[in-house]
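Notes for the one structure printed next.
Bear in mind that the values in this text are calculations on the coordinates, not laboratory data. Values in this document were obtained by computation on a predicted structure and should not be read as measured data. Counting neighbours? That spans all protein chains shown, and the Cβs are built from the backbone with ideal geometry, glycine included.
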Amino acid sequence: MSQELERVYTINLGKVLLSVDTHRAPRAINMIKEFARHHMKTEEIKIEEDLAHIIWSRGVRSPPRKIRVRMSKTDEGYILVSPYEDEPEVKKDAKESKKEKEVKKDEVKEVKKDEVTEVKKESPKEVKKETKKEAPKEVKKETKKEAPKEVKKETKKETPAKKSK
């Protein structure tokens with residue numbers, strides 16, 4: 001049986017929360033080592049410094065619930081556990097087709113941007129300037145000042161006339 005030299009796992013660290021809150025991060029490190037021993041069948045386990053920083057990043061009391069790791073067997077015979085960074089494997093044909101799609105999208109975006117900017121530069125500025133400066137100010141002044149004065153004058157005139165009768 002040939003053994004793989006590198007494997008990627010998602011380790012559930014949910015049971016860390018069962019321990020006392022001041023011992024959770026160290027327990028998470030121990031759980032990762034136990035998981036590696038069980039799955040890679042080797043006693044010598046080394047955790048990379050970056051992975052330890054990820055576990056300790058939120059403090060001793062709240063390590064992450066799950067963590068994705070890469071376990072690789074070194075030439076010296078120990079297992080190195082490191083954080084997993086997704087490296088997408090893309091075929092050459094797929095790369096070419098993606099590039100062609102991106103070029104087409106860029107051309108379409110450039111055309112749309114040019115059309116939209118021209119329209120925005122010419123018409124909206126002129127319309128906005130006219131409507132903002134002239135129409136709203138005159139309408140607001142007329143409605144606020146004229147209507148309330150007339151109503152107040154009428155009410156004052158009627159009330160004294162009723163009292164005199």
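Summing charges over neighbours of ARG37, with a neighbour being any other residue whose Cβ is under 15 Å away from its Cβ, gives +2 when K and R count +1 and D and E count -1.
Most simply put, segment 6-83 has about 80% antiparallel DSSP beta bridges, counting only bridges with both residues inside it.
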